[in-house]
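Inspection log for the structure reproduced underneath, given as structure tokens.
The values are calculated or read from the model by the stated rules, or taken from the named source; none is laboratory data. From a predicted model like this one, the values you see are computed outputs, not experimental measurements. All Cβ positions, glycine included, derive from the backbone under ideal geometry; neighbour counts span all protein chains shown. Note: accessible area is taken over every heavy atom of the protein model, side chains too, but ligands, DNA and RNA are not part of it. Shrake-Rupley method; radii C 1.70, N 1.55, O 1.52, S 1.80 Å.
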Amino acid sequence: MPRRPAAAPDQAARDLIRERLDINLLVEAGAGSGKTECLAQRMAAGVLAGRYEVEQMAAVTFTRKAAAELRGRFQLTLERTLVEERDESRKTRARLALRRLEHLFAGTIHAFCAHLLRERPVEAGVAPGFSELDEIDEVAQRRHAWREYLDRLR
């Protein structure tokens, strides 16, 4: 008879992340600890319970790679639901979420801020249609601003 894997030492925290959809949580843990999987499961649990809608969710990470990983795991969790779930209303929610997956914001904090600014440029005081600087342009812009500042001081 195959042995069942032992529960993770932090299983209570993992369950809390996945199940307590009525509270906000900050999840902080080291690389490779399972944060992405837990967050993907929480997102899916909220959708399946009818508490979240994909269009109203934002998954904000530090790197593009982490955002892509989170989106992929969220999608896999929803797809797994279609195979394993017996409750027809939850299956329907999973199908709908998968059809609307392109409306999920999953990205870096910088991309999230740019998204907000694009939604409301006038209120934010930025020109509509602005574009973000890449790293090279940012360095050049910073140097230019510093030179202008020093010129004004003289």
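Scaled against 2.2 N^0.38 Å for its residue count N, the alpha carbon radius of gyration of the chain is 1.40. Restricting segment 31-124 to chymotrypsin sites (Phe, Trp or Tyr not before Pro) that sit in a DSSP loop and have at most 16 other Cβ atoms within 10 Å of their own Cβ leaves PHE62. Taking the helices alone, the chain has a mean residue ellipticity at 222 nm of -18500 deg cm²/dmol, built from -39,500 (n - 2.57) per DSSP H run of at least 4 residues and averaged over all its residues. Once the cut-off is 23 Å, how many percent of the Cα-Cα pairs in segment 1-82 end up in the long-distance tail? Across segment 1-82, Cα pairs with separations above 23 Å total 23 percent. Among the protein heavy atoms of segment 1-136, carbon and sulfur supply 54% of the accessible surface, probe 1.4 Å, non-protein parts ignored.
Against the chain, whose longest principal axis comes from its Cα atoms, helix 135-153 is set at around 40 degrees. When the Gaussian network model of the chain links Cα atoms closer than 10 Å, the mean-square fluctuations of ALA58, ALA111, ALA127 top out at ALA127.
When ILE17, ILE109, ILE136 are compared by accessible surface with a 1.4 Å probe, the order from highest to lowest is ILE136, ILE109, ILE17. Only one residue of VAL122, ALA68, VAL139 has its Cα farthest out toward the positive end of the dipole of the chain, where Lys and Arg carry +1 and Asp and Glu -1 on Cβ, and that residue is ALA68. Only Lys, Arg, Asp and Glu carry charge here, each on its Cβ (+1 for the first two, -1 for the last two); on that basis the chain has a dipole of about 360 debye about its Cα centre. Per residue, the solvent-accessible area of the chain (1.4 Å probe, heavy atoms of protein chains only, all protein chains present) comes to 76 Å². When only alpha carbons of segment 64-103 are considered, Rg and Dmax amount to 10.9, 34 Å. Sparse packing (at most 14 other Cβ atoms within 10 Å of the Cβ) combined with a DSSP loop state is found for the following GluC sites (Glu not before Pro) in segment 1-80: GLU28.
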